[in-house]
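Since the structure comes first, as structure tokens, the remarks are kept for the end.
The values are calculated or read from the model by the stated rules, or taken from the named source; none is laboratory data. Keep in mind the model is a prediction, meaning the values are calculated, not measured. Every residue, glycine among them, receives a Cβ derived from its backbone with ideal geometry; neighbour counts consider all protein chains shown.
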């Protein structure tokens, strides 16, 4: 295996947290794989007591419960050891520049440690992946069809390219196994419109743009704002003015139709169309 060319340690790290809000949420687990300039390695992994509840949504993703962390050190207790372990290290991770690095710095600052990153190099493997394998129609056409897309961003050329890409995707993935977030395995890419639609459409969205989603019980929930994760029906019952605000705000009409249906669910005529 190739060895990294390093002049100082490079720490690959990942965080599990109580949620996704860098300001309000806390770290519940940190794992670090440090590669030294001589390519020797060190690891450090620990659970952290965040001193706030772990959201059910976060717990369902990483599997860490409030009971798992109740007797673990808090971040302020663990911070000196962590700061020492990361001394003079550059940092690397996956989507780390957008989430893990800001979260780590926020936690250090909360306990009075100025974890300076100005002199550290930051490597985000996800950004490398996205830049080298761009998710554009032109890139997809080249990858699946092996040709350059002439006339990109012209409607007719783009639609014909999309047709060709789908044909090649069906052939390319016809015997490829896929594992979803629940660990269920399947072979979803088939020459069948129903199967392709089910696989490519985000079934967790109640509206087209994803402002309204579904929880595990199939109830519509907010995916944004101060009521994120709360059921729409519950919020509208306790604060009907929130419905009024959404109807006046710049939400898509399709979203407004969904929330109107929920708001008046149970009424004899709930087929109100917003225009």
For this session: Go through 179, 231 for me and flag whichever is within 28 Å of residue 63 (Cα to Cα), without any contact (Cβ under 8 Å) to a residue 12 or more places away in the chain and either surrounded by fewer than 14 Cβ atoms within 10 Å (Cβ to Cβ) or more than 19 Å from the chain's Cα centre (by Cα) (or both).
Result: 179
For this session: Filter region 102-124 down to residues that are in contact with a strand residue (DSSP E or B) (Cβ under 7 Å, 6 or more places away or on another chain) and farther than 14 Å from residue 10 by Cβ and give me whichever is surrounded by the most Cβ atoms within 10 Å (Cβ to Cβ).
Result: 107
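Considering only residues that are in a loop (DSSP other than H, G, I, E, B) and either on the phi > 0 side of the Ramachandran plot or surrounded by 14 or more Cβ atoms within 10 Å (Cβ to Cβ) (or both), which ones fall in region 21-37?
22, 25, 26, 36
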Seminar exercise, completed: Taking region 82-101 and keeping residues loosely packed, with under 14 Cβ neighbours inside 10 Å, out of contact with any strand residue (DSSP E or B) (no Cβ under 8 Å at 6 or more places or on another chain) and part of a helix (DSSP H, G or I) leaves 84
Exercise. Can residue 50 be described as over 19 Å from the mean Cα position of the chain (by Cα), under 24 Å from residue 230 (Cβ atoms) and surrounded by 12 or more Cβ atoms within 10 Å (Cβ to Cβ)?
Worked result: yes
Exercise. What is the residue count in region 21-67 for residues that are over 30 Å from residue 2 (Cα atoms) and either at pLDDT below 95 or touching a helix residue (DSSP H, G or I) at 6+ places or on another chain (Cβ under 9 Å) (or both)?
Worked result: 27
For this session: Please verify whether region 91-109 includes one or more residues that are in contact (Cβ under 8 Å) with a residue 24 or more places away in the chain and more than 24 Å from the chain's Cα centre (by Cα).
Result: no
For this session: For region 113-136, indicate whether the set of residues that are more than 30 Å from residue 34 (Cα to Cα), out of contact with any helix residue (DSSP H, G or I) (no Cβ under 6 Å at 6 or more places or on another chain) and not in a strand (DSSP E or B) is non-empty.
Result: yes
